[in-house]
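Trainee: Following this message is one structure expressed as structure tokens.
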Amino acid sequence: MDKIATLAIYELRASVRNRWFVLYTLTFTLLASGLSYLSLSGAGLFGFAGFGRTAASLINLVLLIVPLMGLTVGAMSVAGEREQSTLSYLLAQPIGRGEVLLGKFLGLGLALATTLLLGFGLAGILIARQSSTVEADRYLALAGISLLLALASLSLGLVISVASRRGSLAVGVGLFVWLLLVFLADLGLMGTAVAMRLDVGALLTLALLNPLQVFKIAAVQALQASLEVLGPAGLYATRTFGEGLMPLLLGVLLLWVWVPLGVAHLIFVREGDV
């Protein structure tokens with residue numbers, strides 16, 4: 001555990017010094033704060049209506065920025081060090097490959113959590129100052145679900161990273177996966193449903209296969225808004241699972257965190273055995 005903690009702290013410090021990660025952090029924080037301010041003051045909405053409008057803006061922001069951060073940061077972690085020949089030096093130390101991967105995951109996960117804390121923290125302060133009604137528990141739930149999405153994206157990025165030989169290739173694949181997930185989150189899902197004439201059950205199943213869609217449903221549910229806004233699949237989910245819908249969605253997001261991380265571990269360890 002000492003080795004893993006040391007490597008995690010190193011990854012956290014390296015992320016703070018990384019120009020791209022600093023840019024991601026500043027972009028997310030400024031956009032979250034700007035959207036919160038404009039949603040409340042620009043539209044003249046206060047109370048629960050203002051909070052709901054602001055939360056909806058933050059959900060859309062998270063869907064775009066957070067997976068991009070997790071995928072690209074994760075994709076560069078191992079492949080970048082392999083390309084710079086620092087990975088071989090690290091593995092020459094008395095530390096196992098599984099410990100290296102877990103240390104990187106924890107360190108980068110802490111860095112992503114810090115970014116979300118800054119963004120949601122500053123946006124929350126603005127909401128508290130301008131809105132007469134602050135749904136703190138729902139806001140914290142939204143931040144927590146966003147963190148799960150960030151960790152799921154990071155795990156997918158690590159799979160890409162351990163399977164790539166060059167950092168540029170890993171980042172390119174990560175960007176392609178990000179575009180694919182964003183496209184499938186709405187347009188692709190609707191197009192597939194129309195082309196294949198899927199029923200609502202199959203539509204919900206397809207939605208659960210995309211971590212971005214799982215996040216969207218869980219975020220709307222956490223805000224205690226009607227899933228009618230998500231169409232027939234949202235209504236079907238509410239009627240089918242009832243109170244068990246949120247535990248199901250959180251469980252699926254956790255699977256998106258641990259399953260890709262396990263796949264990355266298998267690839268990374270097997271690479272060392274060859």
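The values are calculated or read from the model by the stated rules, or taken from the named source; none is laboratory data. Bear in mind that the values here come from a model prediction, so they are computed numbers and not experimental data. A quick note on method: Cβ atoms are made from the backbone with ideal geometry, for glycine too, and the neighbour counts reach across all protein chains shown.
Trainee: Kindly indicate whether Leu122 is within 18 Å of Tyr24 (Cβ to Cβ), in contact with a helix residue (DSSP H, G or I) (Cβ under 7 Å, 6 or more places away or on another chain) and surrounded by fewer than 22 Cβ atoms within 10 Å (Cβ to Cβ). Quick ask: steps written out before the conclusion?
Mentor: Details: within 18 Å of Tyr24 (Cβ to Cβ): yes; in contact with a helix residue (DSSP H, G or I) (Cβ under 7 Å, 6 or more places away or on another chain): yes; surrounded by fewer than 22 Cβ atoms within 10 Å (Cβ to Cβ): yes.
Yes: the conditions hold for Leu122.
Trainee: Cβ contacts < 7 Å: first residue closer than 21 Å to His265 by Cα, restricted to the range 106-119; second residue among the polar types (S, T, N, Q) and surrounded by fewer than 24 Cβ atoms within 10 Å (Cβ to Cβ), any location; separation 6+ or different chain. Result?
Mentor: As it stands, the answer is Leu108/Ser15; Ala111/Ser15, since those pairs meet every condition given.
Trainee: In addition: Report the residue count in the range 205-225 for those that are over 16 Å from Ala152 (Cβ atoms) and assigned to a helix (DSSP H, G or I).
Mentor: Going residue by residue through the range 205-225, those that are over 16 Å from Ala152 (Cβ atoms) are 205-206, 220-225.
Subset that is assigned to a helix (DSSP H, G or I): 205-206, 220-222.
Number satisfying all stated conditions: 5.
Trainee: Could you please find all residues in the range 16-35 being in a helix (DSSP H, G or I), modelled with pLDDT under 85 and over 15 Å from Leu117 (Cα atoms)?
Mentor: Hits for the range 16-35 are Arg17, Arg19, Trp20, Gly34, Leu35.
Trainee: Give me the pairs: first residue in the range 259-274 and under 16 Å from Gly103 (Cβ atoms), second residue at pLDDT below 85, beta-carbon distance under 8 Å, and six or more apart or on different chains, which are they?
Mentor: Correct list of pairs: Gly272/Leu91.
Trainee: For the range 67-115, how many residues are assigned to a loop (DSSP other than H, G, I, E, B) and within 28 Å of Leu253 (Cα to Cα)?
Mentor: First pass over the range 67-115, keeping only residues assigned to a loop (DSSP other than H, G, I, E, B): 84-85, 92-96.
Checking which are within 28 Å of Leu253 (Cα to Cα) leaves us with 96.
Qualifying residue count for the region: 1.
Trainee: Using the structure shown, decide if Val177 is farther than 30 Å from Ser33 by Cβ, β-branched (Val, Ile, Thr) and out of contact with any Gly (no Cβ under 6 Å at 6 or more places or on another chain).
Mentor: So Val177 does not fit the description; no.
Trainee: Which of the residues spanning the range 80-89 are surrounded by 15 or more Cβ atoms within 10 Å (Cβ to Cβ) and without any contact (Cβ under 8 Å) to a residue 60 or more places away in the chain?
Mentor: Answer for the range 80-89, where residues must be surrounded by 15 or more Cβ atoms within 10 Å (Cβ to Cβ) and without any contact (Cβ under 8 Å) to a residue 60 or more places away in the chain: Glu81, Leu87.
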